[in-house]
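First the structure, in the form of structure tokens, and then the observations on it.
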Amino acid sequence: MNRTLIALLAALESLLAVGIGLGITLVPLSLMWAVQLDSGVGWDVFYRAAADIWLVGHGVDLTVTLDPVLAANVALPGAEKPFLISIAPLFFSLLTILLGVRLGRKSLESGARFIGPVAAISTFGGLTVLIALSSINANAMPTVWMALSFPTAIFGVGLLIGARGEIGHSGGRAERVQQKVTAWAFGLPTQVRAVLASSLRGGLAAAAMVVGISAVVLSVLVIANFSTILGLYEGLQGGGGGSLILTAAQLMFMPNFVMWVASWFVGTGFAIGTGSSISPVGTDVGLLPALPILGAMPTADLAFGFLGILVPVAAGFIAAFFIRPGLVRSLGSDVSFRWLLFTVLGIALVGGALIGFMAWASGGAAGPGRLVDVGPNALRTGGVAAVEFLIAASLGMYAGSRSSGRSSAPTQAKTPENSPSSSR
């Protein structure tokens, strides 16, 4: 395929990636503007709001300054001063990564080395700059260096993930770099490679199980508490348009809510405002933001709440139990307690670090006053998860050894030297 055509197609894909992400909020906001033309608010205000949401969704901090009259009506301490919004609706970042993965795979499959990815990142970066500059306003000011770099970096991560299977076959410097990295990895001792690979797989599996179960449980809680959620919607009296916008906003934060449930399972819980806590140990929330989805969040009143801590324990146990056979095969005759212990520690560190990182990404400042602290405590959540994975992985590794010992016993009983015919 012609290189120019590949570059143009990659640029078009990047344009679509930006358009889809921005349009998710811009379209409903534009509809709201269209049905309220007599409000005197220009479309540019709704566009800047959509741009700000898109930037915040990619981790960009936003400094908000409310109008004095609006600040007085909000009735929150600190609303009269500029405040920070740093909590990111993770849906946008996940969408950008997935679109980047798709484009990265398609670009390098075309056989044009770096033409496609370079054109894609350049286009995405240029569009991000335009969005960031056009969203600057005295009332809502994004942190410029974050706005210029974070969305493009997230898109680049997606491109790299999508291209990982092709980049080593594209020739040139990329292939030489991959060959050097592969040679370095295979130059490590066999035991070290086996422990590192097993730790990575086990930690990823344990963290994925906790997040997956949290997503399922959140879905069940939403269905079980639907009447409560509906009552909160009716109490807000936002009308059709307001309810639509509120529902869309909650959907954008759904990955955050999944991680809040995961932190509840870990046992540390999460906060919705400074001084609040929602965990199996206890619930102290005070005044809550007007989000109906919070009616489905788990609390200490949930029956058998402490049983939720079994989720990360079971995840760590299962991960270690199924990782052990492959680890033993890789180690061969070098199987020893030391390497098994290092693997258990690695599973705990990788799993705890992933849970802590996702907890950090799901929280932040959501407004003035006590709303500066929303979401889980990343260090505490990751640390407690690592300890739980450590204990569970130790038990799983031990159970795996007992299981393999029992499975090998019948085989030994059937050997010729142990059979009755051989003794005769």
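The values are calculated or read from the model by the stated rules, or taken from the named source; none is laboratory data. Just so you know, these numbers come straight off a predicted model, no measurement behind them. Virtual Cβ from ideal backbone geometry, glycine too; neighbours counted across all protein chains shown.
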* **All positions within segment 332-367 that are touching a strand residue (DSSP E or B) at 6+ places or on another chain (Cβ under 8 Å) and at pLDDT below 85** => Gly367
* Residue ID - surrounded by the most Cβ atoms within 10 Å (Cβ to Cβ), chosen from residues in segment 248-291 that are polar (S, T, N, Q) and either modelled with pLDDT of 90 or more or not in a helix (DSSP H, G or I) (or both) -> Ser263
* Please verify whether segment 348-360 includes one or more residues that are more than 14 Å from Gly203 (Cβ to Cβ) and within 18 Å of the chain's Cα centre (by Cα). => yes
* Structure fact -> Here the residues within segment 182-228 that are part of a helix (DSSP H, G or I), among the hydrophobic types (A, V, I, L, M, F, W, C) and at pLDDT below 85 are Ala183, Trp184, Ala185, Phe186, Val192
* Asked: Pick from segment 35-63 the residues that are among the acidic types (Asp, Glu) and assigned to a helix (DSSP H, G or I): which of them is modelled with the highest pLDDT?
  -> Asp52
* Asked: For Gly40, which of the numbered conditions (1) farther than 23 Å from Thr143 by Cα; (2) in contact with a helix residue (DSSP H, G or I) (Cβ under 9 Å, 6 or more places away or on another chain); (3) of a type in the set (Gly, Ala, Ser) fails to hold?
  -> (2)
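Yes or no, residue by residue, for (1) at pLDDT below 90; (2) in a helix (DSSP H, G or I); (3) not assigned by TED's automatic domain parsing to the domain that holds Ile97:
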site: Ala132; (1), (2), (3): no, yes, no
site: Met141; (1), (2), (3): no, no, no
site: Leu148; (1), (2), (3): no, yes, no
site: Pro151; (1), (2), (3): no, yes, no
site: Ile154; (1), (2), (3): no, yes, no
site: Val157; (1), (2), (3): no, yes, no
site: Leu160; (1), (2), (3): yes, yes, no
site: Gly165; (1), (2), (3): yes, no, no
site: Gly168; (1), (2), (3): yes, yes, no
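Out of contact with any strand residue (DSSP E or B) (no Cβ under 8 Å at 6 or more places or on another chain), assigned to a helix (DSSP H, G or I) and over 27 Å from Phe257 (Cβ atoms) - does that describe any residue in segment 374-381?
As a first pass, look at segment 374-381 and keep what is out of contact with any strand residue (DSSP E or B) (no Cβ under 8 Å at 6 or more places or on another chain): 378-381.
This time we only want the ones that are assigned to a helix (DSSP H, G or I), so: 378-381.
Restricting the remaining residues to those that are over 27 Å from Phe257 (Cβ atoms) gives none.
No, that holds for no residue.
Considering Leu103, Leu108, Leu84, Leu70, which residue is aliphatic (A, V, I, L, M), at pLDDT 85 or above and assigned to a helix (DSSP H, G or I)?
Values: Leu108 fails: at pLDDT 85 or above; Leu84 fails: assigned to a helix (DSSP H, G or I); Leu70 fails: at pLDDT 85 or above.
Answer to the selection: Leu103.
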